[in-house]
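First up is the structure itself, then whatever we jot down about it.
Computed from the coordinates by the stated procedures, all read-outs in this text should not be read as laboratory data. For clarity, every value in this text was computed on a predicted model and none was experimentally measured. Because the Cβ atoms are built from the backbone with ideal geometry, glycine has one as well, and the counts that use them run over all protein chains shown.
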Amino acid sequence: MVYCRTCLHSKYPENKTAKFEVTDAKFKCPSVEKCNADQLSWEEFWVGACCENASRWTENFFKSEFLTLANNIYKKSRKEENEAEIIVEKAEKEIENCKKALEAAEKKGKEAHDELNEKKKWRKTVQKRTLFLANEAMKEDNSDLETDDAEENKESRAENEDKTDGREDDDKSCKVCFEDYDKKECLRATVIPRGHQSCFKCLSSLPEKICPTCRAEFTKDWNFTRPYPGTFKI
């Protein structure tokens, strides 16, 4: 059941367990010369918070009750203010702690960023050095390769020169009688596998079968069906 304070004391004067609850009803200005306020809370109504006239109303019927209620409201307001102050202090401490944590985090983040930059710098230095060494090693390898290629080319040229030694001159005349080839008595013949040429007559008449160009020994082996009278095998 819900009762006002007067009815409660009148009907149940010995009741000590009843709990007072502030009504959520809305009130108009309590002054005789009312202002336009019509949504006052119960506490605002008794204190006369809406206007100066309302704060001065002192009808005899409500004087003592007004003072008691005003005093109770004041005490409640002080309590709520103290609670709010405690909340503010806690909030300020939390803000301060958060600021310190933020400063520490920012400092840590800056240190981590600086360390990252140092590591990047070091990695780039190592990378440049590695590339330099790799290029130097490649140059050395290319130099060795060029040397090997040069030696191989030299050997190959020497081989080719050895194989073709005297062939240009052989194409013109015999190295023994110095007659031009393809005359009636100076038919071209070849010592194989060296490929040195002289006329068939001179090669056949040599007392020692030795190539007049390279001094390699050979044996007579000709075939009259070839364009030239024959060839000689070493």
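Going down the table (LYS100/LYS124; LYS28/LYS76; LYS11/LYS34; LYS175/LYS209; LYS11/LYS79), which pairs top 25 Å between alpha carbons? Working shown, then result.
Working: LYS100/LYS124 36 Å; LYS28/LYS76 22 Å; LYS11/LYS34 34 Å; LYS175/LYS209 15 Å; LYS11/LYS79 31 Å.
From the list (LYS100/LYS124; LYS28/LYS76; LYS11/LYS34; LYS175/LYS209; LYS11/LYS79), the Cα-Cα distance tops 25 Å for LYS100/LYS124; LYS11/LYS34; LYS11/LYS79.
If you take the Cα centroid of the range 102-121 and the Cα centroid of the range 20-54, the two points sit 61 Å apart.
A simple rule links phi to the HN-Hα coupling: the Karplus curve 6.51 cos²θ - 1.76 cosθ + 1.60 with θ = phi - 60°, which for the range 116-133 gives 4, 4, 5, 5, 4, 4, 5, 4, 5, 4, 5, 4, 4, 5, 5, 5, 4, 5 Hz, with x for Gly and Pro.
How do 40-49, 85-94, 207-216 rank on mean C-beta neighbours within 10 Å, highest first?
40-49, 207-216, 85-94
When the P(r) is computed for the range 1-132, the part past 27 Å accounts for 56% of the Cα-Cα pairs.
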